[in-house]
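Enquirer: Let me give you the structure first, and then I'll get to my questions.
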Amino acid sequence: MGSDKLWGGRFKNDIAREVFEFSRGDMDDYVLYSYDIMASIAHAKALNKAGIISDKEAEELISALTKLKEERLDLFEYDTEDIHSFVLERLKGLAPNSYEKLHSARSRNDLVAGASLLYVLTVGFMLIHKIRDLQKALVSRAKESQDIYMPSFTHLQDAQVISAGHYLLSWVEALDEVVADLQHVVTSAKSPLGACAGSGSAIPIDVVELAKDFHINDIHKNSLFAISDRSYYLRLLFAYAHLALVLSRLAEDWIIYSSQEFGFLHLPDDFCTGSSIMPHKKNPDMLELIRGRSAHVIGALNSFFVLIKGLPTAYNRDMQEDKAILLGCSDTLHSCVEVLTGLVEGISWNKEKLEKALANDFLYATDIMEELILNGMSWKDAHNKVGKLVLMSEEKGKRLSELNKGERESVLGDFNFPDKEWRGFFSPKRSVEAKKTFNSTSPESVKRQIAFWEGIFFEEEGMK
C-alpha cells in the first residue's frame with residue numbers, strides 16, 4: 001500500500017487517519033503559504049544555477065509558483081499534512097515536468113524555518129507602521145496640550161506639576177523602545193535556507209545567493225544551528241510582550257484618569273460602553289480589554305520558552321506549535337494598537353478637574369526646595385526645612401501658600417521669601433517653566449521633543 005507523503009518511501013502503510021488529523025499542521029501553517037512559495041521560487045533559482053534543473057524547468061516552476069502566490073488559498077482543497085505538502089500538491093498540475101525536482105537540496109526543516117522567518121519579518125514591519133501611527137496620534141495631541149498642566153504621580157501620590165504634552169510624549173518614547181525591539185528582529189535576520197536537515201547538502205547550491213533571492217542579506221554560519229534556531233521567534237515575542245506591557249500600563253493610566261474620582265480625561269463616547277442597569281455609567285471597556293488581552297501576549301512569550309526549553313539539537317515536531325502561539329499575539333496586538341490610535345484621536349482634557357487637582361500646594365514643595373538650593377542652601381537643609389513647612393501647614397490646617405511671613409521665617413530664617421515671591425511658587429505655569437534640564441517638562445524641552453519625533457516621522461515617510 002505504501003504512503004504518498006513526502007517521506008513515505010520507507011513505510012509499508014500510510015499513517016492512521018486519526019494520527020494524520022492529530023499531527024497535521026496546515027491549519028496553523030496557512031500564514032506561511034506565500035512565504036513558502038517565495039522560498040520555493042528562490043530555491044528553484046538556486047537549483048537552476050547549480051545545474052540540477054534546466055532553464056526550462058526553472059521557468060516552469062517559477063511561473064507556476066508565481067501563479068499559486070496570486071491565487072486565493074483554499075486549505076480544504078487538498079488533504080495534506082502541512083502547508084509545504086499543500087504547495088507541492090498544487091504544483092503537480094501546474095508544473096508536471098519539474099515539480100518533483102523542487103525538493104532537491106532542501107528539507108522541510110530549513111523550508112519551514114525560512115518561511116517562518118519571513119513571516120516574522122513581515123508582521124514585525126507591519127506592527128512598526130501601526131505603532132508609528134499611534135505615536136503620530138500621541139505627538140499630535142501633545143502638540144495641542146503643551147499649555148495644559150497636570151499633576152504627575154509617584155506611588156500614585158501627587159508629585160510635581162508637568163504639562164499634559166510632556167505626559168503624552170512619555171508614551172511616544174515608551175513605544176519607540178518597542179519599535180527598536182522590532183527593528184532588531186529585522187536587522188538580526190539570517191536565512192536558514194540550504195541547511196537542509198542540519199548537515200547541508202552535497203548538491204552545490206549557493207546559499208548566500210539563495211538568501212538574497214529570499215530577501216534576506218545574511219546566513220547562519222552553521223547549518224545545524226540554522227534549523228535549530230528560533231531566536232527570531234523569541235525576539236518577536238519579546239517585542240510583543242514589551243508592547244503589551246506598554247499598552248497595558250497606558251490603558252491603566254487612562255482608566256484611572258477618566259474615572260469620576262480623577263476626571264482628568266474625557267474618553268470619546270464611541271470607544272466606551274454603558275451599563276445594563278446603571279444609566280449613568282460610561283465604562284472604559286476598550287482600555288480594559290487592552291489591559292486584559294495583554295496577559296495573553298505576555299503569557300505567549302513564556303509559553304514559547306517552555307515549548308523549546310527541553311528540545312534537543314535540530315528540528316523537532318514540537319516546533320510545529322510555534323505558530324499557534326504567535327498567531328493569536330499578532331492579531332491581538334494589531335487590533336489593540338489600532339483601537340488605541342482611534343481612542344487617542346478622540347480624547348480631551350478636563351481643564352476644570354485639572355485645575356482643582358493643581359490646587360494641591362504640596363505639588364510645589366520641590367520647587368521651593370530647589371529655589372533654596374539655588375540661593376545657596378544645602379540639599380539636606382533645604383529638604384528638611386521645606387518638609388517642616390509642609391508639616392506646619394498640616395498642623396495649622398492651612399494651605400502651604402497661606403503660611404504667613406513669620407511662620408515661614410521661623411523655619412527658613414534668612415532664606416525666607418517675600419510674600420509675593422512665596423505666592424508665585426504655587427503656579428503650574430511657573431513650576432513648569434522653571435525646569436532647566438534638557439529632557440524636562442519645560443516648554444522648550446517639550447517643543448524640542450515634538451520637533452524630534454516629527455523629524456523622525458518625516459524622515460521615514462521620505463524613505464518609503
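Enquirer: Grab the helices (runs of 4 or more DSSP H) fully contained in region 370-464, keeping just those with 2 or more residues being modelled with pLDDT of 95 or more and closer than 30 Å to LYS143 by Cα.
Expert: Hits in region 370-464: 419-424, 428-433, 443-463.
Enquirer: One residue is enough: does region 234-253 have a residue meeting the conditions more than 16 Å from the chain's Cα centre (by Cα), buried (at least 17 other Cβ atoms within 10 Å of the Cβ) and among the aliphatic types (A, V, I, L, M)?
Expert: no
Enquirer: What pairs come out if I take residues in region 436-451 that are closer than 16 Å to ALA164 by Cβ and pair them with residues that are outside any helix (DSSP H, G or I) and of a type in the set (A, V, I, L, M, F, W, C) whose C-beta lies under 7 Å away, six or more apart or interchain?
Expert: So the pair list comes out as THR441/ILE162; SER445/PHE438.
Enquirer: Now for a separate question. Can you report the number of residues in region 180-207 which are under 22 Å from ARG230 (Cβ atoms), exposed (fewer than 15 other Cβ atoms within 10 Å of the Cβ) and over 21 Å from the mean Cα position of the chain (by Cα)?
Expert: Summing the residues that are under 22 Å from ARG230 (Cβ atoms), exposed (fewer than 15 other Cβ atoms within 10 Å of the Cβ) and over 21 Å from the mean Cα position of the chain (by Cα) in region 180-207 gives 1.
Enquirer: Exactly one condition in (1) charged (D, E, K, R); (2) assigned to a helix (DSSP H, G or I); (3) under 30 Å from SER54 (Cα atoms) is not met by ARG106; state its number.
Expert: Exception for ARG106: condition (2).
Enquirer: With the requirement that a residue be in contact with a Ser or Thr (Cβ under 9 Å, 6 or more places away or on another chain) and either aliphatic (A, V, I, L, M) or not in a strand (DSSP E or B) (or both), what does region 142-166 give you? If you could, list the steps in order and put the result at the bottom.
Expert: At the first step, the residues of region 142-166 found to be in contact with a Ser or Thr (Cβ under 9 Å, 6 or more places away or on another chain) are 142, 145-150, 152, 158-166.
Once the filter is applied, which keeps residues that are in contact with a Ser or Thr (Cβ under 9 Å, 6 or more places away or on another chain) and either aliphatic (A, V, I, L, M) or not in a strand (DSSP E or B) (or both), region 142-166 yields ALA142, SER145, GLN146, ASP147, ILE148, MET150, ALA159, VAL161, ILE162, ALA164, GLY165, HIS166.
Enquirer: Does THR313 qualify as being among the polar types (S, T, N, Q), in contact (Cβ under 8 Å) with a residue 12 or more places away in the chain and exposed (fewer than 15 other Cβ atoms within 10 Å of the Cβ)? Give the steps one after another, and end with the answer.
Expert: On the way: among the polar types (S, T, N, Q): yes; in contact (Cβ under 8 Å) with a residue 12 or more places away in the chain: yes; exposed (fewer than 15 other Cβ atoms within 10 Å of the Cβ): yes.
Criteria met by THR313.
Enquirer: Another question, then. Filter region 419-464 for residues that are β-branched (Val, Ile, Thr) and within 28 Å of GLU402 (Cα to Cα); which is surrounded by the fewest Cβ atoms within 10 Å (Cβ to Cβ)? Please lay out each step first, then the result.
Expert: First, pick out the residues of region 419-464 that are β-branched (Val, Ile, Thr): 432, 437, 441, 446, 450, 456.
With within 28 Å of GLU402 (Cα to Cα) added as a condition, the list becomes 432, 441.
On the way: VAL432: 24, THR441: 27.
Only one residue tops the list, namely VAL432.
Enquirer: Another question, then. For region 46-57, does any single residue satisfy the condition of being surrounded by 15 or more Cβ atoms within 10 Å (Cβ to Cβ), more than 23 Å from ASN109 (Cα to Cα) and at pLDDT 95 or above? Even if it seems obvious, please write down each step before you answer.
Expert: Looking only at region 46-57, we keep the residues that are surrounded by 15 or more Cβ atoms within 10 Å (Cβ to Cβ), and these are 46-50, 52-53, 57.
From what is left, the residues that are more than 23 Å from ASN109 (Cα to Cα) are 57.
Subsequent filtering for residues that are at pLDDT 95 or above retains 57.
There is at least one residue in region 46-57 that is surrounded by 15 or more Cβ atoms within 10 Å (Cβ to Cβ), more than 23 Å from ASN109 (Cα to Cα) and at pLDDT 95 or above.
Residue by residue, here is whether (1) more than 21 Å from LEU267 (Cβ to Cβ); (2) surrounded by 17 or more Cβ atoms within 10 Å (Cβ to Cβ); (3) not assigned by TED's automatic domain parsing to the domain that holds LEU32 holds:
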site: SER330; (1), (2), (3): yes, yes, yes
site: HIS334; (1), (2), (3): yes, no, yes
site: VAL337; (1), (2), (3): no, yes, yes
site: LEU340; (1), (2), (3): no, yes, yes
site: LEU343; (1), (2), (3): no, yes, yes
site: ILE347; (1), (2), (3): no, yes, yes
site: ALA365; (1), (2), (3): yes, yes, yes
site: MET369; (1), (2), (3): yes, yes, yes
site: LEU372; (1), (2), (3): yes, yes, yes
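The values are calculated or read from the model by the stated rules, or taken from the named source; none is laboratory data. Just so you know, these numbers come straight off a predicted model, no measurement behind them. Neighbour counts are summed over all protein chains in view; Cβ atoms, including those assigned to glycine, are modelled from backbone coordinates with ideal geometry.
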